[in-house]
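Undergrad: Provided herewith is a single structure, encoded as structure tokens, for subsequent inquiry.
The values are calculated or read from the model by the stated rules, or taken from the named source; none is laboratory data. Nothing here was measured: the structure is a model prediction, and the numbers come from that model. Counting neighbours? That spans all protein chains shown, and the Cβs are built from the backbone with ideal geometry, glycine included.
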Amino acid sequence: MDIHQNTSLKEHNTFRVDVKAKYLALPESIEEIKEVVEEYRDEKILILGKGSNILFTKDWNGLVIIPNIKGINIIKEDTKHIYLEVGAGESWDEFVRWAVKNNYAGIENMVMIPGSVGGSVSQNIGAYGQGITSVLSKINILDIDTLEEKILKPKDCGYGYRKSNFKSIWMNKYLITSAVFKLTKHTKEFELSYHERAGRYGSLKEELDAFAKEPYSIQDVMEAVVRQRSKRLPSIDEYGTAGSFFANPIVSMEKFNDLSKIISDLQSYPAEGYTSEYIKIPAGRLLEELGWKGKRVGDVGTFERHALCVVTNMNASGEDIYKFIKEMQKSVKDNYEIDLQPEVNIF
Ligand SMILES: Cc1cc2nc3c(=O)[nH]c(=O)nc-3n(C[C@H](O)[C@H](O)[C@H](O)COP(=O)(O)OP(=O)(O)OC[C@H]3O[C@@H](n4cnc5c(N)ncnc54)[C@H](O)[C@@H]3O)c2cc1C
């Protein structure tokens, strides 16, 4: 395994920020990860996937490890379910497309999320009403301090809305080497129940009806998501971006009622893990109200179709982006007394 020294991370983060890593390793097996950690024991370690949820504001003065562990293996299956162990270095999007092609359901709404499987398990991804935790069965990790391999259950990983222990107390300590997903074999009954669930996502239903007939197949649903995401979200081939920069804020019903008086048709969604006194509201809408949609400051801005997506011309520095997002936070705080929390990890 090659260890790159003093190397640019521009191709390893989707903001395309040109920071340097003192050392960069792309190990392809657990043994190779152990070797590199032992050799560089004194260096500060950063675990990186595809860098699609990271903002680098400075060089990494230590070792960056990108676990490049590949493979999709069947662990067990019965008539209804299949358990697949997927390497942390696999592309999440390619895994979704592979599953849909094979008629395995449960992740089709999460197509086009541009991370690695390891990063997606860490970040607790979700889209169009589906979340990774509903299909996650086990997580295999390597403890960077002890080099012990452990198997974790999702219930032990502190998962909540866009939260996990991997994003907080275990950050850069527990390296995800692979994860086991329990997917549903695509049966006729599933198609019918899917039909009911698809109805809950009005915008997707419209997209589906434009080219498919009920009962929808998972292939149809994935295609609808692809079409909609292509219209709504910035492409990482055209922009520097990490997708939605902030998580949607959770506010009290009282706060929601107050905001509804000044923001017409403010939407709300249930806040998983909270009592019914709390509700989730769209951060993008708050920003849009304050004129942030499509705003530009030098090399940084927000996407013209989505105020929550911070975008760059791929030449912005991490500091420029950081300054810009601080202004966004201040504007929402000053106007609505809400603290927007970054979904993106800032280093
Ligand atoms: C255009 C665009 C659209 C997006 N859409 C969505 C969306 O719809 N829904 C959504 O939830 N997210 C979305 N994202 C965010 C992002 O793609 C996901 O969070 C993604 O899964 C992150 O994976 P990654 O490999 O890029 O992680 P990275 O950005 O490389 O890392 C993220 C964090 O995970 C840690 N990490 C990475 N790999 C491992 C590992 N193997 N073990 C332990 N820790 C690890 C890193 O240390 C870091 O803290 C979008 C991003 C973009 C750019």
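Undergrad: For the range 98-139, enumerate the residues that are part of a loop (DSSP other than H, G, I, E, B), touching a Gly at 6+ places or on another chain (Cβ under 6 Å) and closer than 22 Å to residue 54 by Cβ.
TA: Step one: of the range 98-139, the residues part of a loop (DSSP other than H, G, I, E, B) are 102-103, 106-107, 111-115, 124-125, 128-129, 135.
Filter again for touching a Gly at 6+ places or on another chain (Cβ under 6 Å), leaving 115, 135.
Residue satisfying the conditions is 115 alone.
Undergrad: What number of residues within the range 140-163 satisfy the criterion of being more than 9 Å from the ligand (Cβ to nearest atom) and assigned to a loop (DSSP other than H, G, I, E, B)?
TA: Of all residues in the range 140-163, those more than 9 Å from the ligand (Cβ to nearest atom) come to 140, 143-161, 163.
Checking the rest, the ones that are also assigned to a loop (DSSP other than H, G, I, E, B) come to 144-148, 153, 157-159, 161.
Looking only at that region, the number is 10.
Undergrad: For the range 318-337, name all the residues that are among the basic types (Lys, Arg) and exposed (fewer than 12 other Cβ atoms within 10 Å of the Cβ). Let's see the steps before the verdict.
TA: Filtering the range 318-337 for residues among the basic types (Lys, Arg) gives 323, 326, 330, 333.
326, 330, listed by residue number.
Undergrad: Which residue out of 304, 288 is over 20 Å from the mean Cα position of the chain (by Cα), among the charged types (D, E, K, R) and within 16 Å of residue 336 (Cβ to Cβ)? Break it down into steps so the answer makes sense when it comes.
TA: Numbers: 304 fails: within 16 Å of residue 336 (Cβ to Cβ).
Being over 20 Å from the mean Cα position of the chain (by Cα), among the charged types (D, E, K, R) and within 16 Å of residue 336 (Cβ to Cβ) holds for just one of 304, 288, which is 288.
Undergrad: Hey, among 238, 277, which residue is within 30 Å of residue 298 (Cβ to Cβ) and free of Cβ contacts under 8 Å to residues at least 60 places away in the same chain? Explain how you work it out, then say what you get.
TA: Values: 277 fails: within 30 Å of residue 298 (Cβ to Cβ).
Being within 30 Å of residue 298 (Cβ to Cβ) and free of Cβ contacts under 8 Å to residues at least 60 places away in the same chain holds for just one of 238, 277, which is 238.
Undergrad: Any residue that is of a type in the set (A, V, I, L, M) and more than 17 Å from the chain's Cα centre (by Cα) - is there at least one of those in the range 224-240?
TA: yes
Undergrad: Between a first residue in the range 298-312 that is in a loop (DSSP other than H, G, I, E, B) and a second residue that is hydroxyl-bearing (Ser, Thr, Tyr), which pairs have beta carbons less than 9 Å apart while being 6 or more apart in sequence or on different chains?
TA: Pairs that qualify, where the first residue is in a loop (DSSP other than H, G, I, E, B) and the partner is hydroxyl-bearing (Ser, Thr, Tyr), are 299/312; 299/317.
Undergrad: Of the residues 7, 57, 79, only one is more than 11 Å from the ligand (Cβ to nearest atom), modelled with pLDDT under 95 and touching a strand residue (DSSP E or B) at 6+ places or on another chain (Cβ under 8 Å); which? Full working, then the answer.
TA: Numbers: 7 fails: modelled with pLDDT under 95; 57 fails: modelled with pLDDT under 95.
From the options 7, 57, 79, the qualifying one is 79.
Undergrad: May I ask you to say which residue of 262, 218 is outside the structural domain of residue 163 (by TED's automatic domain parsing) and of a type in the set (Val, Ile, Thr)? I'd like the intermediate steps shown before the answer.
TA: Values: 218 fails: outside the structural domain of residue 163 (by TED's automatic domain parsing).
Testing whether each residue is outside the structural domain of residue 163 (by TED's automatic domain parsing) and of a type in the set (Val, Ile, Thr) leaves just 262.
Undergrad: Among 89, 71, 106, which is the only one that is within 11 Å of the ligand (Cβ to nearest atom) and not β-branched (Val, Ile, Thr)? Step through it out loud before you land on a result.
TA: Numbers: 71 fails: within 11 Å of the ligand (Cβ to nearest atom); 106 fails: within 11 Å of the ligand (Cβ to nearest atom).
The match here is 89.
Undergrad: May I pose another question? Is it true that residue 42 is surrounded by fewer than 20 Cβ atoms within 10 Å (Cβ to Cβ) and without any contact (Cβ under 8 Å) to a residue 12 or more places away in the chain?
TA: Yes, satisfied.
Undergrad: Right, here's the next one. Would it be correct to say that residue 181 is part of a strand (DSSP E or B), in the same structural domain as residue 215 (by TED's automatic domain parsing) and aromatic (Phe, Trp, Tyr)? Before you say what the answer is, go through the steps one by one.
TA: Numbers: part of a strand (DSSP E or B): yes; in the same structural domain as residue 215 (by TED's automatic domain parsing): yes; aromatic (Phe, Trp, Tyr): yes.
When the stated conditions are applied, residue 181 passes them.
Undergrad: What number of residues within the range 230-262 satisfy the criterion of being crowded, with 16+ Cβ neighbours inside 10 Å and closer than 20 Å to residue 309 by Cβ?
TA: Qualifying residue count for the region: 14.
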